1. Look through B:L182, B:L154, B:L138, B:L173 and report the one residue that is more than 14 Å from chain A (Cβ to nearest Cβ), closer than 20 Å to A:R225 by Cα and modelled with pLDDT of 85 or more.
2. Out of all the residues in the stretch B:45-92, which are among the aromatic types (F, W, Y) and away from chain A (no Cβ under 14 Å)?
3. I need every pair where a residue in the stretch A:163-187 that is more than 7 Å from every other protein chain (Cβ to nearest Cβ) has its Cβ under 6 Å from the Cβ of a residue that is among the acidic types (D, E) and in a helix (DSSP H, G or I), sequence separation at least 6 or different chains.
4. Of all residues in the stretch A:54-85, how many are surrounded by 19 or more Cβ atoms within 10 Å (Cβ to Cβ), more than 13 Å from A:I119 (Cα to Cα) and aromatic (F, W, Y)?
5. Any residue in the stretch B:107-119 that is farther than 19 Å from B:A189 by Cα and surrounded by fewer than 22 Cβ atoms within 10 Å (Cβ to Cβ)?
6. With the condition being touching a Leu at 6+ places or on another chain (Cβ under 9 Å) and under 29 Å from A:M129 (Cα atoms), I'd like the helices (runs of 4 or more DSSP H) fully within the stretch A:139-230 carrying at least 1 qualifying residues.
7. Based on this model, can you work out whether A:A194 counts as within 12 Å of chain B (Cβ to nearest Cβ) and in contact (Cβ under 8 Å) with a residue 40 or more places away in the chain?
8. Is it the case that A:T282 is within 28 Å of A:M112 (Cα to Cα), within 13 Å of chain B (Cβ to nearest Cβ) and polar (S, T, N, Q)?
Amino acid sequence: MSGYISALLDPSMPFVRNALAAGLLSSVLFGVIGSVVTVKRIAGLAGAISHAVLGGIGMALYLAAKGVFPGLPPIAGALVFALASAAIIGFVSLKAKQREDTVINALWAVGMSVGVLFIAKTPGYADPMSYLFGNILLVSTRDLVMLAVLDAIVVFLAWRFYPQIEASAFDEEFARVRGVPTDAVFVATLAVTAVAIVLLQTFVGIVMVIAMLTLPAGTAGFAARNLAAMMIGGSVLSAAFTAGGLAASWALDMPAGAVVVVFAGAAFLTIAAIVAIRSRATGRKPRAAETTA
Amino acid sequence: MTRVSAAGAPASRDSAAGASPSPAPVPRAPYGSAEAAPVVAVRFDDVSFSYGEVPVLDGARFHIHAGEFAALVGPNGAGKTTVLKLLLGLARPSAGRVSVLGLPPEEARRSIGYVPQHVSYDPAFPISVAEVVRMGRLHSSTRRYGRDDERAVLNALAMADVSELAGRPYSALSGGQRRRVLVARALAAEPELLVLDEPTANMDAESEARLFETLGGLKGEATILVVTHDTGFVTALTDSVFCVGERGHGRSVIRHLATPASHVASDQYGGPALQVLHDTELPDDGCCGGKAGL
């Protein structure tokens, strides 16, 4: 632990401070967007978007290496694929619900496959592992600025449209009757989630970003009294998992993203078990396992 | 089927009044003379609707007077939900016209209180009873709730008899309590038209009695439309009964007479019940000589 603190304070190792800053900035997105994703039960949709992003990364790497678009950054391809995936999923969810599962899973698998194929045909060496599982130590100052800007946008949108977001997630039909454009709220949620995934995959990778979008918010949800508290609690927990995970990964010489996700998963499962045991002792069903009436 | 003539038959409201201690005062058009037509809260004019190739409504024509307590009955799959969606502006008719409080449904939404059947909700959703009820004051885009909104929420909690639950998590309530909270949410809108979809589904007798007590208190102040799959009996609060079902070549909405049913256990309908007479059919223009106005 002292070694990690020394590294944080070492002027010759800015990447360690960048990693912590990226983790803390990401925590806001994990907490706020994660809460909306969790209560709207669209984690599967977010998972499909995050995995389809590999297709964009692979295509950007290939086009840059082949000289078609010299210098094209992988994040540009990721953004295009993320938004395209969000648009397709949004359209299918709203207009063709009977095929929703098929299309989401197809996007998930085809996106990854396209990415693997492009990376395989990219001249030179491109390591897909750093995209799949992330490498927070490669976070640049530009990445930090983009994360901070997205944090500000997401927090503003969540504050400004909180009643509409809450009502759309709780009872979409009633929200529509009250005049809330629920389809627009849904599509905007998907679009913001897609953009966030592109930035967040730098941290934990495209495979595990969905874990951080659900676990801290889900853990906070056990104790939160409302959606706002869930967002704040999810952000705080995410920051704690991030700081603790980075310190542990430094001490144990392990991949930071994986350690952070293991911390988040362990906390979620522990709290869920405690809640289940307490509920059984008091004779009440745990909230997450209650039946509907 | 007995078709009751416009001149000779009592409106179903009249028959229900016999079983109801306080028949609904029917508001009159302010611009009318002593013989002015009753104000109409809901009007379907030859409305047709289909899901793709499957026709659901075919030329449905009915109206509900302002201040009435109406029941829309029909078996599962008959098209009750479609009528509701059209009335709430969540679906558009393929032919005909729907008007609510004299306006297209989309423009009348702010004056409608809606209690959905709400059979599926996320029990892990963190939200308090007070926050659920405050949704009744939700605006389409603004985030502010003013003093009027807070007052309306408190009134609605009291009217639905759930004030003591305000601070509790919604997920901690029983099914009957949750239903009354949703009624409070609808009342928070201070609606001119209150629409309740299967309000007594999964309710215990006590909650049901409390619900009908609340609705009885509202009768005459707002138009109330209760949708139910129970085609045999309705609460004695009911002034008019409409049945969704087969008619000729398609589905339509038919107005029936209802008569007091003393042989039905009163705890099933929150009090005395009326039996729906399915072999009667009241013409749409029978109740007010075709003069019902907006």
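The values are calculated or read from the model by the stated rules, or taken from the named source; none is laboratory data. All figures in this text were calculated on a predicted structure; none of them were measured in a lab. FYI the Cβ positions are ideal-geometry reconstructions off the backbone, even for glycines, and counts take in every protein chain you see.
1. Step by step, each of B:L182, B:L154, B:L138, B:L173 is checked, and only B:L154 is more than 14 Å from chain A (Cβ to nearest Cβ), closer than 20 Å to A:R225 by Cα and modelled with pLDDT of 85 or more.
2. B:F49, B:F62, B:F69 - these are the residues of the stretch B:45-92 that are among the aromatic types (F, W, Y) and away from chain A (no Cβ under 14 Å).
3. A:T182/A:E172
4. Counting residues in the stretch A:54-85 that are surrounded by 19 or more Cβ atoms within 10 Å (Cβ to Cβ), more than 13 Å from A:I119 (Cα to Cα) and aromatic (F, W, Y) gives 1.
5. yes
6. Passing ranges, in order: A:141-160, A:182-221.
7. Taking the combined requirement at face value, the residue does not satisfy it.
8. no
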